[in-house]
Amino acid sequence: MRSGVQRFEGPSDLHLHSVHSDGTEPPAQVVQAAHRRGLRTVALTDHDTTSGWAEAAEAATSLGMTFLPGMEFSATQEWRSVHVLAYLFDPDNAALRAETDRIRSARMGRAEQIVASIGGDYDLTWDDVVAQTGDGATVGRPHIADALVARGLAADRAEAFAGILHPSAGYYVPHYAPDAATAVRLIAAAGGVPIIAHPAGRGRMLPVPVLEELIGLGLAGFELGHRENTASGIAALRKLVARHDLIVTGSSDYHGLGKPNLPGEHTTTDEMVARIIDRASGSTPVYP
Ligand code: AMP
Ligand code: FE
Ligand code: FE
Ligand code: ZN
(Lines give C-alpha, C1' and ligand atoms only; values in the text may rest on other atoms or scores of the structure.)
(Ligands and ions follow the chains in the order given, each with its own letter.)
Protein backbone atom coordinates (compact mmCIF):
# COMPACT_ATOMS: atom_id res chain seq x y z
CA MET A 1 0.00 0.00 0.00
CA ARG A 2 1.26 3.51 -0.79
CA SER A 3 2.36 5.40 2.28
CA GLY A 4 -0.03 8.07 3.44
CA VAL A 5 -2.88 6.70 1.33
CA GLN A 6 -5.53 4.93 3.33
CA ARG A 7 -7.69 2.22 1.90
CA PHE A 8 -11.01 2.95 0.33
CA GLU A 9 -13.39 0.33 -0.97
CA GLY A 10 -15.35 0.23 -4.21
CA PRO A 11 -17.78 0.31 -5.83
CA SER A 12 -17.52 4.09 -6.17
CA ASP A 13 -20.04 6.67 -7.46
CA LEU A 14 -18.48 10.13 -7.71
CA HIS A 15 -21.37 12.31 -8.93
CA LEU A 16 -24.37 12.80 -6.64
CA HIS A 17 -26.60 15.84 -5.93
CA SER A 18 -28.46 16.88 -2.76
CA VAL A 19 -30.84 19.69 -1.75
CA HIS A 20 -27.74 21.93 -1.51
CA SER A 21 -28.28 22.27 -5.27
CA ASP A 22 -30.93 20.54 -7.40
CA GLY A 23 -31.15 17.10 -5.81
CA THR A 24 -34.33 16.36 -3.84
CA GLU A 25 -32.78 14.76 -0.71
CA PRO A 26 -30.53 16.05 2.09
CA PRO A 27 -26.88 14.88 1.85
CA ALA A 28 -27.29 12.16 4.52
CA GLN A 29 -30.22 10.64 2.61
CA VAL A 30 -28.24 10.73 -0.64
CA VAL A 31 -25.41 8.81 1.03
CA GLN A 32 -27.91 6.34 2.52
CA ALA A 33 -29.44 5.77 -0.94
CA ALA A 34 -25.96 5.07 -2.32
CA HIS A 35 -25.25 2.68 0.56
CA ARG A 36 -28.50 0.77 -0.08
CA ARG A 37 -27.43 0.39 -3.71
CA GLY A 38 -24.17 -1.26 -2.59
CA LEU A 39 -21.74 1.66 -3.01
CA ARG A 40 -18.78 1.98 -0.62
CA THR A 41 -17.16 5.24 -1.79
CA VAL A 42 -19.12 8.36 -2.80
CA ALA A 43 -18.56 12.00 -3.72
CA LEU A 44 -21.16 14.73 -3.25
CA THR A 45 -21.02 17.08 -6.26
CA ASP A 46 -23.64 19.78 -5.81
CA HIS A 47 -23.58 22.58 -8.38
CA ASP A 48 -21.21 25.43 -7.39
CA THR A 49 -21.28 24.78 -3.63
CA THR A 50 -19.49 22.79 -0.93
CA SER A 51 -22.12 23.38 1.76
CA GLY A 52 -23.29 19.75 1.84
CA TRP A 53 -19.87 18.20 2.48
CA ALA A 54 -19.95 18.02 6.29
CA GLU A 55 -23.32 16.26 6.50
CA ALA A 56 -22.42 13.83 3.69
CA ALA A 57 -19.03 13.03 5.24
CA GLU A 58 -20.58 12.23 8.59
CA ALA A 59 -23.28 10.06 7.05
CA ALA A 60 -20.70 8.19 4.95
CA THR A 61 -18.32 7.43 7.78
CA SER A 62 -21.16 6.31 10.04
CA LEU A 63 -22.07 3.75 7.35
CA GLY A 64 -18.45 2.61 6.92
CA MET A 65 -18.11 4.39 3.56
CA THR A 66 -15.38 6.68 2.20
CA PHE A 67 -16.36 10.24 1.26
CA LEU A 68 -14.68 12.33 -1.44
CA PRO A 69 -15.48 16.06 -1.32
CA GLY A 70 -16.60 17.29 -4.75
CA MET A 71 -18.50 19.94 -6.67
CA GLU A 72 -19.93 20.36 -10.18
CA PHE A 73 -18.59 23.71 -11.38
CA SER A 74 -20.73 25.62 -13.93
CA ALA A 75 -18.68 26.85 -16.89
CA THR A 76 -19.26 27.85 -20.51
CA GLN A 77 -17.51 27.45 -23.83
CA GLU A 78 -18.97 29.89 -26.35
CA TRP A 79 -22.70 29.06 -26.29
CA ARG A 80 -22.34 25.69 -24.59
CA SER A 81 -22.78 25.04 -20.90
CA VAL A 82 -19.87 22.90 -19.63
CA HIS A 83 -19.98 21.14 -16.25
CA VAL A 84 -16.61 20.50 -14.65
CA LEU A 85 -16.51 18.06 -11.75
CA ALA A 86 -13.96 19.13 -9.15
CA TYR A 87 -12.62 16.69 -6.56
CA LEU A 88 -10.58 17.18 -3.39
CA PHE A 89 -9.88 20.91 -3.84
CA ASP A 90 -9.37 23.31 -0.93
CA PRO A 91 -12.88 24.61 -0.10
CA ASP A 92 -11.34 27.76 1.43
CA ASN A 93 -9.36 28.72 -1.67
CA ALA A 94 -10.22 32.42 -2.07
CA ALA A 95 -10.19 32.61 -5.88
CA LEU A 96 -12.36 29.53 -6.28
CA ARG A 97 -14.80 30.70 -3.62
CA ALA A 98 -15.09 34.15 -5.17
CA GLU A 99 -16.00 32.58 -8.50
CA THR A 100 -18.55 30.11 -7.12
CA ASP A 101 -20.13 32.95 -5.07
CA ARG A 102 -20.41 34.97 -8.26
CA ILE A 103 -21.97 32.06 -10.18
CA ARG A 104 -24.50 31.35 -7.43
CA SER A 105 -25.61 34.94 -7.22
CA ALA A 106 -25.87 35.16 -11.02
CA ARG A 107 -27.98 31.99 -10.98
CA MET A 108 -30.33 33.63 -8.48
CA GLY A 109 -30.88 36.77 -10.58
CA ARG A 110 -31.33 34.69 -13.69
CA ALA A 111 -33.87 32.37 -12.05
CA GLU A 112 -35.86 35.45 -10.96
CA GLN A 113 -35.83 36.73 -14.55
CA ILE A 114 -37.03 33.38 -15.93
CA VAL A 115 -39.82 33.23 -13.35
CA ALA A 116 -40.92 36.82 -14.01
CA SER A 117 -41.09 35.99 -17.70
CA ILE A 118 -43.06 32.76 -17.18
CA GLY A 119 -45.27 34.63 -14.69
CA GLY A 120 -46.42 36.89 -17.52
CA ASP A 121 -48.16 33.91 -19.14
CA TYR A 122 -48.73 31.42 -16.33
CA ASP A 123 -49.73 31.45 -12.68
CA LEU A 124 -46.22 31.18 -11.22
CA THR A 125 -44.48 33.43 -8.70
CA TRP A 126 -40.98 33.70 -7.23
CA ASP A 127 -42.39 32.53 -3.87
CA ASP A 128 -43.41 29.26 -5.56
CA VAL A 129 -39.77 28.69 -6.50
CA VAL A 130 -38.42 29.72 -3.09
CA ALA A 131 -40.76 27.11 -1.57
CA GLN A 132 -39.03 24.42 -3.67
CA THR A 133 -35.46 25.52 -2.90
CA GLY A 134 -33.40 24.55 0.16
CA ASP A 135 -32.01 27.37 2.32
CA GLY A 136 -28.82 28.66 0.68
CA ALA A 137 -29.04 26.08 -2.12
CA THR A 138 -27.65 26.78 -5.58
CA VAL A 139 -30.78 27.70 -7.56
CA GLY A 140 -31.40 26.16 -10.96
CA ARG A 141 -34.10 25.50 -13.49
CA PRO A 142 -34.93 22.23 -11.68
CA HIS A 143 -36.37 24.31 -8.81
CA ILE A 144 -38.49 26.26 -11.28
CA ALA A 145 -39.56 22.89 -12.71
CA ASP A 146 -40.62 21.74 -9.23
CA ALA A 147 -42.64 24.95 -8.79
CA LEU A 148 -44.35 24.35 -12.14
CA VAL A 149 -45.21 20.81 -10.99
CA ALA A 150 -46.57 22.15 -7.67
CA ARG A 151 -48.76 24.57 -9.67
CA GLY A 152 -50.02 21.73 -11.87
CA LEU A 153 -48.34 23.24 -14.94
CA ALA A 154 -46.14 20.18 -15.57
CA ALA A 155 -46.31 16.52 -14.53
CA ASP A 156 -42.66 16.25 -13.53
CA ARG A 157 -39.24 17.86 -14.07
CA ALA A 158 -38.72 16.10 -17.39
CA GLU A 159 -42.00 17.49 -18.77
CA ALA A 160 -41.16 20.98 -17.50
CA PHE A 161 -37.74 20.86 -19.19
CA ALA A 162 -39.28 19.62 -22.44
CA GLY A 163 -41.97 22.36 -22.32
CA ILE A 164 -42.01 25.69 -20.50
CA LEU A 165 -38.31 25.55 -19.52
CA HIS A 166 -37.09 24.55 -22.99
CA PRO A 167 -35.24 27.44 -24.68
CA SER A 168 -37.68 27.21 -27.61
CA ALA A 169 -40.54 28.25 -25.27
CA GLY A 170 -38.98 31.71 -25.07
CA TYR A 171 -38.50 32.07 -21.31
CA TYR A 172 -34.92 30.85 -21.14
CA VAL A 173 -32.27 33.20 -19.75
CA PRO A 174 -28.62 32.10 -19.49
CA HIS A 175 -26.54 32.83 -16.38
CA TYR A 176 -22.98 34.05 -15.96
CA ALA A 177 -20.37 31.32 -15.73
CA PRO A 178 -16.62 31.49 -16.39
CA ASP A 179 -15.19 29.80 -19.48
CA ALA A 180 -14.03 26.21 -19.16
CA ALA A 181 -10.34 27.20 -19.16
CA THR A 182 -10.90 29.48 -16.16
CA ALA A 183 -12.81 26.73 -14.33
CA VAL A 184 -10.05 24.17 -14.94
CA ARG A 185 -7.33 26.62 -13.85
CA LEU A 186 -9.18 27.62 -10.67
CA ILE A 187 -9.84 24.01 -9.65
CA ALA A 188 -6.24 22.93 -10.33
CA ALA A 189 -4.86 25.97 -8.47
CA ALA A 190 -7.02 25.03 -5.47
CA GLY A 191 -5.35 21.59 -5.40
CA GLY A 192 -8.37 19.90 -6.98
CA VAL A 193 -8.82 17.41 -9.80
CA PRO A 194 -10.97 18.74 -12.70
CA ILE A 195 -12.93 16.20 -14.75
CA ILE A 196 -15.51 17.14 -17.40
CA ALA A 197 -18.98 15.81 -16.48
CA HIS A 198 -21.06 14.02 -19.16
CA PRO A 199 -18.56 15.21 -21.82
CA ALA A 200 -20.23 13.35 -24.69
CA GLY A 201 -23.81 14.36 -23.99
CA ARG A 202 -25.84 15.32 -27.07
CA GLY A 203 -24.70 18.77 -28.22
CA ARG A 204 -22.23 19.00 -25.34
CA MET A 205 -19.03 17.67 -26.85
CA LEU A 206 -16.29 20.29 -27.05
CA PRO A 207 -14.02 20.35 -30.11
CA VAL A 208 -10.86 18.25 -29.66
CA PRO A 209 -8.48 21.26 -29.92
CA VAL A 210 -10.39 22.95 -27.06
CA LEU A 211 -10.16 19.76 -25.00
CA GLU A 212 -6.41 19.53 -25.66
CA GLU A 213 -5.98 23.12 -24.51
CA LEU A 214 -7.90 22.28 -21.31
CA ILE A 215 -5.69 19.22 -20.76
CA GLY A 216 -2.67 21.53 -21.00
CA LEU A 217 -4.22 23.70 -18.29
CA GLY A 218 -4.70 20.76 -15.91
CA LEU A 219 -7.87 18.97 -16.99
CA ALA A 220 -7.44 15.48 -15.51
CA GLY A 221 -10.05 13.45 -17.35
CA PHE A 222 -13.57 12.69 -18.48
CA GLU A 223 -16.71 11.18 -16.99
CA LEU A 224 -17.18 8.61 -19.75
CA GLY A 225 -19.60 6.47 -17.73
CA HIS A 226 -22.77 8.61 -17.70
CA ARG A 227 -26.19 7.87 -19.19
CA GLU A 228 -26.23 11.05 -21.29
CA ASN A 229 -23.00 10.27 -23.21
CA THR A 230 -23.34 9.05 -26.81
CA ALA A 231 -21.38 6.00 -28.02
CA SER A 232 -19.70 7.98 -30.81
CA GLY A 233 -18.64 10.73 -28.42
CA ILE A 234 -17.22 8.21 -25.97
CA ALA A 235 -15.21 6.58 -28.77
CA ALA A 236 -13.71 9.94 -29.76
CA LEU A 237 -12.84 10.80 -26.16
CA ARG A 238 -11.23 7.39 -25.57
CA LYS A 239 -8.58 8.34 -28.12
CA LEU A 240 -7.76 11.51 -26.16
CA VAL A 241 -7.68 9.49 -22.93
CA ALA A 242 -5.12 7.09 -24.42
CA ARG A 243 -3.01 9.88 -25.95
CA HIS A 244 -2.82 11.89 -22.70
CA ASP A 245 -3.14 9.08 -20.12
CA LEU A 246 -6.23 10.70 -18.60
CA ILE A 247 -8.46 9.67 -15.71
CA VAL A 248 -11.84 8.13 -16.65
CA THR A 249 -14.78 8.07 -14.25
CA GLY A 250 -18.29 6.63 -14.30
CA SER A 251 -21.09 7.94 -12.09
CA SER A 252 -24.84 8.22 -11.80
CA ASP A 253 -25.49 11.99 -11.49
CA TYR A 254 -28.21 11.07 -8.96
CA HIS A 255 -30.70 13.89 -8.23
CA GLY A 256 -33.05 11.99 -5.89
CA LEU A 257 -36.56 12.07 -7.35
CA GLY A 258 -35.49 14.83 -9.79
CA LYS A 259 -34.13 12.43 -12.40
CA PRO A 260 -34.45 8.69 -13.07
CA ASN A 261 -30.66 8.24 -12.53
CA LEU A 262 -29.92 5.77 -9.69
CA PRO A 263 -26.77 5.58 -7.52
CA GLY A 264 -24.31 3.05 -8.91
CA GLU A 265 -25.81 2.88 -12.43
CA HIS A 266 -22.28 3.81 -13.53
CA THR A 267 -19.23 3.43 -11.28
CA THR A 268 -15.55 4.42 -11.21
CA THR A 269 -12.81 1.77 -10.93
CA ASP A 270 -10.62 1.58 -7.82
CA GLU A 271 -7.57 2.38 -9.96
CA MET A 272 -9.13 5.63 -11.16
CA VAL A 273 -10.33 6.64 -7.69
CA ALA A 274 -6.75 6.09 -6.45
CA ARG A 275 -5.42 8.29 -9.27
CA ILE A 276 -7.82 11.11 -8.31
CA ILE A 277 -6.74 10.88 -4.66
CA ASP A 278 -3.03 10.79 -5.59
CA ARG A 279 -3.33 13.79 -7.90
CA ALA A 280 -5.21 16.00 -5.43
CA SER A 281 -3.56 18.28 -2.88
CA GLY A 282 -6.40 20.57 -1.74
CA SER A 283 -8.22 18.25 0.65
CA THR A 284 -8.29 14.58 1.59
CA PRO A 285 -10.94 11.88 1.46
CA VAL A 286 -12.82 11.19 4.66
CA TYR A 287 -12.27 7.55 5.57
CA PRO A 288 -14.56 5.55 7.86
P1 AMP B 1 -29.60 25.18 -15.00
O2 AMP B 1 -28.17 24.88 -14.59
O3 AMP B 1 -30.29 26.00 -13.99
O4 AMP B 1 -29.71 25.74 -16.38
O5 AMP B 1 -30.35 23.78 -15.04
C6 AMP B 1 -29.71 22.65 -15.54
C7 AMP B 1 -29.91 21.51 -14.57
O8 AMP B 1 -31.16 20.94 -14.83
C9 AMP B 1 -28.88 20.40 -14.70
O10 AMP B 1 -28.11 20.33 -13.53
C11 AMP B 1 -29.66 19.14 -14.84
O12 AMP B 1 -29.36 18.25 -13.79
C13 AMP B 1 -31.11 19.53 -14.74
N14 AMP B 1 -31.90 19.00 -15.86
C15 AMP B 1 -31.70 19.24 -17.17
N16 AMP B 1 -32.61 18.59 -17.92
C17 AMP B 1 -33.40 17.91 -17.05
C18 AMP B 1 -34.52 17.04 -17.19
N19 AMP B 1 -35.04 16.75 -18.40
N20 AMP B 1 -35.07 16.52 -16.07
C21 AMP B 1 -34.57 16.82 -14.86
N22 AMP B 1 -33.52 17.64 -14.66
C23 AMP B 1 -32.95 18.17 -15.74
FE1 FE C 1 -28.25 19.15 -11.78
FE1 FE D 1 -24.19 18.28 -15.03
ZN1 ZN E 1 -24.61 16.66 -12.08
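The values are calculated or read from the model by the stated rules, or taken from the named source; none is laboratory data. All values derive from a computational prediction rather than experimental measurement. Virtual Cβ from ideal backbone geometry, glycine too; neighbours counted across all protein chains shown. Areas reflect the complete protein model, heavy atoms only, side chains present, ligands, DNA and RNA absent. Shrake-Rupley method; radii C 1.70, N 1.55, O 1.52, S 1.80 Å.
Numbers for the structure displayed
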{"item": "Whole-percent carbon and sulfur share, accessible surface of the range 200-288, 1.4 Å", "result": "55"}
{"item": "Lys/Arg +1, Asp/Glu -1 at C-beta; the range 190-250 dipole; positive extreme among Leu214, Gly233, Val248", "result": "Gly233"}
{"item": "Assigned charges on the beta-carbon of Lys, Arg, Asp, Glu; the chain dipole about Cα centre (debye)", "result": "740"}
{"item": "Cα-centred dipole magnitude for the range 1-70, charges only on beta-carbon of K, R (+1) and D, E (-1), debye, nearest 20", "result": "440"}
{"item": "Karplus (6.51, -1.76, 1.60) ³J(HN,Hα), θ = phi - 60°, over the range 20-28, in Hz, Gly and Pro reported as x", "result": "6, 9, 10, x, 9, 10, x, x, 4"}
{"item": "Selection from Val31, Ala54, Ser81 lying farthest towards where the dipole of the range 9-125 points positive, charges on Cβ", "result": "Val31"}
{"item": "Inter-centroid distance (Cα atoms) of the range 274-288 relative to the range 224-256, Å", "result": "21"}
{"item": "Karplus 3J(HN,Hα) series, Hz, for the range 266-281 with 6.51 cos²θ - 1.76 cosθ + 1.60 (x for Gly, Pro)", "result": "10, 9, 10, 5, 4, 4, 6, 4, 4, 5, 5, 5, 5, 7, 7, 9"}
{"item": "Accessible-area order (highest first, 1.4 angstrom probe) of the listed residues Trp126, Trp53, Trp79", "result": "Trp79, Trp126, Trp53"}
{"item": "C-alpha long axis of helix 231-244 to longest principal axis of the chain, angle in °", "result": "40"}
{"item": "For Ile247, residues with placed amide H under 5 Å, excluding near neighbours", "result": "Gly221, Phe222"}
{"item": "Taking the chain and dividing mean pair separation by its residue count, relative contact order in percent (alpha carbons under 8 Å, at least six apart)", "result": "26"}
{"item": "For peptides 234-247, 88-101, sequence by mean Cβ density within 10 Å, most packed first", "result": "88-101, 234-247"}
{"item": "Inter-part distance where the range 160-178 and the range 55-110 are each reduced to a Cα centre, Å", "result": "22"}
{"item": "Using θ = phi - 60° and Karplus 6.51 cos²θ - 1.76 cosθ + 1.60, couplings along the range 51-68 (whole Hz; Gly, Pro as x)", "result": "5, x, 4, 4, 5, 5, 4, 5, 4, 5, 5, 5, 9, x, 9, 9, 10, 10"}
{"item": "Dipole magnitude (debye, nearest 20) for the range 111-169, charges at Cβ of Lys, Arg, Asp, Glu", "result": "160"}
{"item": "Heavy-atom accessible surface of the range 81-196: percent carbon and sulfur, 1.4 Å", "result": "49"}
{"item": "Helix-derived mean residue ellipticity, 222 nm - over the chain, DSSP H n ≥ 4, -39500 (n - 2.57), to 500", "result": "-11500 deg cm²/dmol"}
{"item": "Per residue, in Å², the accessible surface of the chain once ligands and nucleic acids are set aside, probe 1.4 Å", "result": "42"}
{"item": "Proximal charge balance of Phe73 [Cβ under 9 Å; K/R count +1, D/E count -1]", "result": "-3"}
{"item": "Thr76 long-range amide H proximity, modeled H, under 5 Å", "result": "Val82, Asp179, Ala180"}
